[in-house]
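Comments concern the structure below.
The values are calculated or read from the model by the stated rules, or taken from the named source; none is laboratory data. Just so we're clear, the structure is a prediction, and the values are computed from it rather than from any experiment. Note that we place each Cβ from the backbone using ideal geometry, even for glycine, and neighbour counts take in every protein chain shown.
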Amino acid sequence: MDTTILDKWGNGQGVRLSKDTIKRAGLRVGDSLEINVENSVITLVPTKRRHIDIPDYRQLFKGYAGPTPAEDGFAAPAGGEAI
């Protein structure tokens, strides 16, 4: 079990969580947490979150030898879309 200190943080108060605690909880910086208080016990519950790691497309298509978008007919404008 880890311990921490409630400390002044700007105009409010804050609790810092160790890197290990964050890792064990499966959290990332920026995740949204729901705060529940019952019988003087505070619990933090992650809200639904969705992490999308966008891969480097150059690495994904490295060595690709198929047609370019212009060659397959999907890149040319077909209507009044903005270019």
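List the residue pairs whose Cβ atoms are under 7 Å apart, where the first residue sits in the stretch 8-31 and is closer than 16 Å to Pro46 by Cα and without any contact (Cβ under 8 Å) to a residue 24 or more places away in the chain, the second is surrounded by 10 or more Cβ atoms within 10 Å (Cβ to Cβ) and not hydroxyl-bearing (Ser, Thr, Tyr), and the two are 6 or more positions apart or on different chains.
Pairs that qualify, where the first residue is closer than 16 Å to Pro46 by Cα and without any contact (Cβ under 8 Å) to a residue 24 or more places away in the chain and the partner is surrounded by 10 or more Cβ atoms within 10 Å (Cβ to Cβ) and not hydroxyl-bearing (Ser, Thr, Tyr), are Val15/Leu6; Leu27/Pro46; Asp31/Pro46; Asp31/Arg49.
Any residue in the stretch 54-67 that is in a loop (DSSP other than H, G, I, E, B) and exposed (fewer than 10 other Cβ atoms within 10 Å of the Cβ) sitting within a Cβ distance under 9 Å of a residue that is among the acidic types (Asp, Glu) and modelled with pLDDT under 85? List the pairs, counting only those 6 or more apart or interchain.
From residues that are in a loop (DSSP other than H, G, I, E, B) and exposed (fewer than 10 other Cβ atoms within 10 Å of the Cβ), the pairs are Gly66/Asp72.
Residues checked against (1) part of a helix (DSSP H, G or I); (2) at pLDDT below 90; (3) surrounded by 10 or more Cβ atoms within 10 Å (Cβ to Cβ):
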| site | (1), (2), (3) |
| --- | --- |
| Gly14 | no, no, yes |
| Arg24 | yes, no, yes |
| Asp31 | no, yes, yes |
| Ile35 | no, no, no |
| Leu44 | no, no, yes |
